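Structure record follows, encoded as structure tokens.
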Amino acid sequence: MIRRHLRLPAAAALVTCALGCGEGGRPAEPVLPIPTAPTGSGPTASVRVVSTLTDQPVSGASSTGASVRSTPSDGDGFVMLEASGPGRYAVRVAAAQFVTRQTTVAIPGSDARLDLIPSSFDLVAFDQMFRGATSGGRLIKWLAGPALVVQRTGLLWANSPNDRYLAEAEQWTDGDIDGVIADLTFGLQTISAGVFPAFSAIRVEQAAAGTVVTVPQAGAIVVARYRSLRGPSGDRIGGLGKTNIDAAGVIRGGMVMLDRDTELQSSSPRRLRVHEIGHVLGTSHVTSRLSFMNPDGTGGLPNEADQEAFRVAARRPPGSRSPDVDPADFTLNATGRVSLSPPPVARYAARAERLGATPEGRRAARSRLPPAGCAGFHGRT
């Protein structure tokens, strides 16, 4: 959410660390435990340990857990885990200059890749962005590429708990819609670290003036322009992002709400649009450093530090908590688990600018999207 007519410097966050924090709020270097060596008598699973940010193997990583035997990772990052019997085992993987990760591995099980966050990474800002107060301190995310629904007709904002709004006579032009699609596609591809290179489908709807529109749609991000948009506090704002989240932290639907006057007065609306789709993709406000998610809107478009945060978030399951704890029901090497790993670092940033480069290409990408129900849409703002 970005407020209108108010530009205040971002406040410095007061951050405390309950466990293992070193200088500057970063986790202290772990004291590596010595794992129990495998005996060759039990079921096994192979894990390759790499750096989240570079994909380079991490050698010397120590993997420990109750009833789990292993050796430190070799030069290629490989670890062989051995258990006393088949089952799911909680393990802690630690390495010098990396944040310790806690996860669960099935033994025996298929080979898996486990990535560690470098200790130099800004975990304070990451937790504000992806595991903030508005998401209950856990990471929330889409697990399937969302569709995009563009409401051509302008809506009149009202304090509506069911997100039902009156359609007015004013409409976006084709050029306006092309710009919105391009900006939100850029945001989707960039913030997902290339996991979602484009929307799964795009549809333009046109409500008749005087009708009441129920905006949310399951599996989709619905974008519309609103007259006199206000936030939860009742103040006028430039934009608002809302999400529908299930109990596991998976985002099931979202809304990008753009204020009519702010849109018409802006010569470069992309920053606001990307900020608001950031909320819909699971981000919260960042106050500890410069970011596109600064609450006053002065952070611009995503910077290099933001893109590092996107890459870490893309490699973590919904429900991940600080400093790097996977949820108890997550299994790293579960059979049939869909991988949402981002493409190599050098590829996804350059590709974002090319998406939706021409109006013809964007119009060709639009496809019919079947109507979706939206009962019980309860989201964060």
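Please treat every number below as a calculation from the coordinates, not as lab data. What you see is a predicted model, and the numbers here were worked out from it, not measured in a lab. Note: ideal-geometry Cβ built from the backbone for every residue, glycine included; neighbour counts use all protein chains shown.
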Descending packing, highest mean Cβ count within 10 Å first, for 288-297, 82-91, 259-268 is 288-297, 82-91, 259-268
Under-5 Å amide H pairs with Val99, H placed in peptide plane, nonlocal only: Ile117, Ser119
If the label point is 7 Å along Cα→Cβ of Asp76, which residues in region 93-112 have backbone nitrogen under 14 Å from it? 111-112
Along Cα→Cβ, 7 Å out, is where each label goes; now give me the distance between the ones at Ala37 and Asp329 in nm to one decimal. 4.1
Could you work out how much longer the chain between Gln171 and Ala247 gets when fully extended? Use 0.36 nm per residue separation minus the Cα distance between them, nm to one decimal. 23.7 nm
Classify region 187-238 from the C-alpha gyration tensor, please: rounded if a/c falls under 1.5, else prolate or oblate depending on whether a/b exceeds b/c. oblate
Any chance you could run the full-extension gain for Asp296 through Ala208? It's 0.36 nm times the residue separation minus the Cα-Cα distance, nm to one decimal. 28.2 nm
Would you list Phe330, Phe126 from fewest to most Cβ contacts within 10 Å? Phe330, Phe126
